[in-house]
Amino acid sequence: MILNTEAVVLHTRRFSETSLIVTCFTRDRGKLTVLARGAFRPKSKYASVLQPMGYLRLIFYWKEGRDLQTLSAAETIQRFPRLASSLERMTAGLTILELVNACLHDDGAHPQLFNNLVAALHGLDQPDVQESTVTLWFMARLANELGYTLRSDECGVCDEPVSVREQNIPYSIAMGAPLCAEHTGAASYRPLLTQSWALLREVLAVQPEGLNSITASTAAATELYDAISAFIKFHVEGMKRLRVSPVAGKILAGNTITNTE
Ligand SMILES: [Zn+2]
């Protein structure tokens, strides 16, 4: 069967002298791996197109139960030039791809998550959007798609609205919810700065078109990135092998990295 679907390239690796293996997230079939024969031949139409973060239309021969599908054609749907020209934005984009790659296992379709991924890449291509807010926004939606919903306003134990305290809000990573004054003893928690908690509220509520309305401080972005990462790691097995998060966390929080180990 010939399949024609939108896709975002998550990862590529060389397969042979001339061929490329491409892991992609497709709108219609979810995550899958395709073989691009001849991608490294001179004049190959694939070479410039099959890059991580590429938003493409793919045509390939689909065979049920086969690990590797054979690519027949690929063309770019939309380019993200601003995303490709900044280290911070590239890091955010690659972090998002790593998250999708690590968290999705089967080839089941996740059309809403696909839309969110494209929206995140588009967001990272906008001049007035902070990369940290795009990353946090996407992470919260990825968790939600996998069945783990982050909450900001109601206590994880009693569902009553939590009250804003002066310094911080006790937040249960396991529950993905804050704890009210009565239930701080009911579960382990980490104290979130009120500004991090306010950022979480904004990130959970905003539509992708509104991401430019959020301004995150370094402290809030860093703390929330750590908290949402911990939440996803707590629930999603594949996250344990995520490679980019520590460095990405620093870059996304706006810190320049001077030493890489
Ligand atoms: Zn409570």
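Throughout, read-outs are computed from the coordinates displayed, never taken from laboratory work. The structure displayed is predicted, hence computed values, not measured ones. Heads up, the Cβs are rebuilt from the backbone with ideal geometry, glycines too, and the neighbour counts pull from every protein chain shown.
Taking the Cβ of Arg41 as the centre, find all other residues whose Cβ is under 15 Å away and add up their charges (Lys, Arg: +1; Asp, Glu: -1). Please report the intermediate quantities before stating the final value.
Working: positive: Arg14, Arg37, Lys43, Lys45; negative: Glu17.
Overall, the nearby charge balance is +3.
Which net charge results when you count Lys and Arg as +1 and Asp and Glu as -1 among the other residues whose beta-carbon is under 14 Å from that of Val134? Present the calculation step by step, with values, prior to reporting the outcome.
Details: positive: Arg82, Arg89, Arg141; negative: Glu88, Asp125, Asp128, Glu131, Glu202, Glu209.
Result for the local shell: -3.
Before anything else, pin down the relative contact order of region 1-79: Cα pairs under 8 Å, at least 6 apart, normalised by residue count, whole percent.
Values: 187 pairs, mean separation 25.7, N = 79.
Relative contact order for region 1-79 comes out at 32 percent.
Using a Förster radius of 35 Å, what is the FRET efficiency between Glu75 and Val206 based on their Cβ-Cβ separation? Nearest 0.05, please.
Numbers: r = 32 Å, r/R0 = 0.90.
Once rounded, the FRET efficiency stands at 0.65.
For region 86-140, what's the relative contact order in percent, using C-alpha pairs closer than 8 Å and at least 6 residues apart?
After rounding, I find 52 percent.
What are the ³J(HN,Hα) values, in whole Hz, obtained from phi via the Karplus relation 6.51 cos²θ - 1.76 cosθ + 1.60 with θ = phi - 60°, for each residue of region 38-52 in sequence order, with x given for Gly and Pro?
Whole-Hz 3J(HN,Hα) from phi for region 38-52: x, 4, 9, 6, x, 6, 4, 7, 8, 3, 7, 9, 8, 10, x.
Mind jotting down the distance between the C-alpha centroids of region 112-180 and region 7-61, whole Å?
31
Hey, fewest Cβ within 10 Å first, where do Ile96, Ile214, Ile232 land in order?
Numbers: Ile96 28, Ile214 18, Ile232 25.
So the residues, fewest neighbours to most, are Ile214, Ile232, Ile96.
Which of rounded, prolate, oblate describes region 1-79, given a ≥ b ≥ c as roots of the alpha-carbon gyration tensor eigenvalues and a/c under 1.5 marking rounded, otherwise prolate only if a/b is larger than b/c? All intermediate terms of the calculation are to be shown ahead of the outcome.
Numbers: a/c = 1.57, a/b = 1.17, b/c = 1.34.
Oblate shape, in that a/c is at least 1.5 and b/c is the bigger or equal ratio.
When only Cα pairs under 8 Å and 6 or more residues apart are kept, what is the percent relative contact order across the chain?
16
How tilted is helix 111-124 with respect to the longest principal axis of the chain? Cα atoms for both, answer in degrees (0 to 90, nearest 10).
80
Per residue of region 225-233, what does 6.51 cos²θ - 1.76 cosθ + 1.60 with θ = phi - 60° give for ³J(HN,Hα)? Whole Hz please, x for Gly and Pro, Karplus curve as stated.
Taking θ as phi minus 60°, the curve returns 4, 4, 5, 5, 4, 5, 4, 5, 4 Hz for region 225-233.
Separation between the Val164 and His11 pseudo-spin-labels, each 7 Å from Cα along Cα→Cβ, expressed in nm?
Modelled inter-label distance: 4.2 nm.
Within 10 Å of each residue's Cβ, count the other Cβ atoms and sort Met53, Met139, Met90 from fewest upward. It would help to have the intermediate numbers written out before the result.
On the way: Met53 21, Met139 24, Met90 18.
The fewest-first ordering by Cβ neighbours comes to Met90, Met53, Met139.
Per DSSP helix of 4 or more residues, -39500 (n - 2.57); summed, then divided by the residues of the chain. What does that give at 222 nm, rounded to the nearest 500? It would help to have the intermediate numbers written out before the result.
Details: 7 runs with 88 residues, N = 261.
Value at 222 nm, helices only, nearest 500: -10500 deg cm²/dmol.
Order these by the 10 Å Cβ neighbour count, fewest first: Leu224, Leu200.
Values: Leu224 29, Leu200 25.
Result, fewest neighbours first: Leu200, Leu224.
Lys31: which aspartates and glutamates have alpha carbons under 19 Å from its alpha carbon, excluding same-chain residues fewer than 8 sequence positions away?
Within reach: Glu6, Glu64, Asp67, Glu75, Glu98, Asp106, Asp107, Glu145, Glu237.
In whole Hz and in residue order, list the ³J(HN,Hα) couplings for region 82-97 that follow from phi through the Karplus curve 6.51 cos²θ - 1.76 cosθ + 1.60, θ = phi - 60°; x for Gly and Pro.
Residue by residue, region 82-97 yields 5, 4, 7, 10, 10, 4, 5, 6, 4, 4, 4, x, 5, 4, 4, 5 Hz.
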